[in-house]
Amino acid sequence: PEPTLTHTTSNTIKRTLGSVYLDRDDTATFNSVSSRLEVSMFVGGETYGLGRYIPSDWIGFITTAGRTSSATFYDESFIIDQQITTSFGAISVGGDKVDAMIQRFLDRYPVDYTIEPTDFTSLGSWSIGTRGGFVLEQLALDGDYFAPWMDYTSTLRFIRSFDPATKIPDFDFDAGRRVIREDIQETDNLIEAPNRFIVIGNGSAALDNEMPIIGSADVPNNSPNSILNRGFVIPETVTRQVQTSAQATAVAENLVRRQTLFKQVELGTAPDPRHDSYNVIKWQGENWLELGWSLPLREGAVMKHSLRRAYS
């Protein structure tokens, strides 16, 4: 099997490098606990870094030709996605700003990070034994961020959610016949896809107010599973420790943008190391949000992309 770098936005640890073969020399120097693997790709006369990775599974082979091995690697968010050894949560009675909480949490770890600002607060708290990746996923939702990911520079990134239908595309797959026409697969799960997200506040602000804190967001009318097209509502209700109706609405809109249960396409292109996370791609005249990709680390291999149609 060939080594393949895979990025999946729905996973807590977004990037996995699998099927890496280590020859006798590499096996002799490899330490399954402390070694790191840095990967790069040479394309068009330029070298692109593909990140730094931590071994997760290692298998050694004893043969007549010597000791060889193979391994699977995770990106360095693996450092964070362990059980926390001290409890963590908001300090202020009215909640803390989410970006400040994320920074305070990440200062426990030897990782670099960037966090876009947010005005939203969180009253969240997590006990000993909770996995760090789960803490960050929950804080990201409270702060109206997409799920965080470790980029090619081994920097953990938090970006605010956006509407991909109105964003300038990062890549244009319509230009230059970039898409390989074979094996294009379209899928959807529209029958079960919710078309209204409702967020109910259960924090202290909700208890102090006579009126409940509620926010909601509907999928766009031109989405195939919209209320207009379906003719009735399929709701999904979640409770969050939000402080205002504006924050509840922002979280609901974030859930609309995150949902993966409608029209998707799987297609292939030539390898391109510039793809990161939540890239917007123009294809067939429409904007699509990239939810994942798979990059075989072999010359001439096909890079696979998982795209979700953007509606506005």
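The values are calculated or read from the model by the stated rules, or taken from the named source; none is laboratory data. These numbers were taken from a predicted model, which means no experiment stands behind them. Glycine also receives a Cβ, built like all others from the backbone with ideal geometry; neighbour counts cover every protein chain displayed. Note: accessible area is taken over every heavy atom of the protein model, side chains too, but ligands, DNA and RNA are not part of it. Shrake-Rupley method; radii C 1.70, N 1.55, O 1.52, S 1.80 Å.
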Would you point out the residue of the range 220-229, among those that are out of contact with any Phe, Trp or Tyr (no Cβ under 7 Å at 6 or more places or on another chain) and part of a loop (DSSP other than H, G, I, E, B), that is least open to solvent (accessible area, probe 1.4 Å)?
Ser226
Every residue in the range 134-156 that is open to solvent by 70 Å² or more (accessible area, probe 1.4 Å) and under 15 Å from the mean Cα position of the chain (by Cα), please.
Phe134
Listed by first then second residue, the pairs whose first member lies in the range 244-263 and is within 23 Å of Arg309 (Cβ to Cβ), whose partner is open to solvent by 30 Å² or more (accessible area, probe 1.4 Å) and at pLDDT 90 or above, with beta carbons under 7 Å and at least 6 positions apart or on separate chains, are Ala250/Phe120; Ala252/Ile198; Ala252/Ser216; Thr260/Ser10
Of all residues in the range 166-177 being outside any strand (DSSP E or B) and within 16 Å of Asn279 (Cα to Cα), the one that is least open to solvent (accessible area, probe 1.4 Å):
Phe173
Condition met for Phe105 (within 25 Å of Asn202 (Cβ to Cβ) and either open to solvent by less than 10 Å² (accessible area, probe 1.4 Å) or at pLDDT 95 or above (or both)):
yes
Those residues that are closer than 17 Å to Thr244 by Cβ and of a type in the set (Ser, Thr, Tyr), I need them from the range 90-119; list them, please.
Ser92, Thr118
For the range 36-66, give me each residue that is over 24 Å from Pro148 (Cα atoms) and of a type outside the set (A, V, I, L, M, F, W, C).
Gly44, Gly45, Glu46, Thr47, Gly60, Thr63, Thr64, Gly66
Unmet criterion (only one of (1) under 30 Å from Gly95 (Cα atoms); (2) under 20 Å from the mean Cα position of the chain (by Cα)) for Ala248
(2)
Which ranges mark the strands (runs of 3 or more DSSP E) fully within the range 260-308 that have 3 or more residues being within 13 Å of His7 (Cβ to Cβ) and either modelled with pLDDT of 90 or more or within 14 Å of the chain's Cα centre (by Cα) (or both)?
286-296
Kindly indicate whether Val238 is touching a residue at least 12 places away in the same chain (Cβ under 8 Å), exposed (fewer than 15 other Cβ atoms within 10 Å of the Cβ) and either within 22 Å of the chain's Cα centre (by Cα) or not in a loop (DSSP other than H, G, I, E, B) (or both).
yes
Show me the strands (runs of 3 or more DSSP E) entirely contained within the range 1-120 in which 3 or more residues are over 20 Å from the mean Cα position of the chain (by Cα) and within 17 Å of Pro296 (Cα to Cα).
15-22, 37-43
Which pairs do you get when a residue that is without any contact (Cβ under 8 Å) to a residue 12 or more places away in the chain, found in the range 30-47, comes within reach of a residue that is among the aliphatic types (A, V, I, L, M), reach meaning Cβ atoms under 9 angstrom, with the pair 6+ apart or on two chains?
Ser40/Leu50; Thr47/Met41
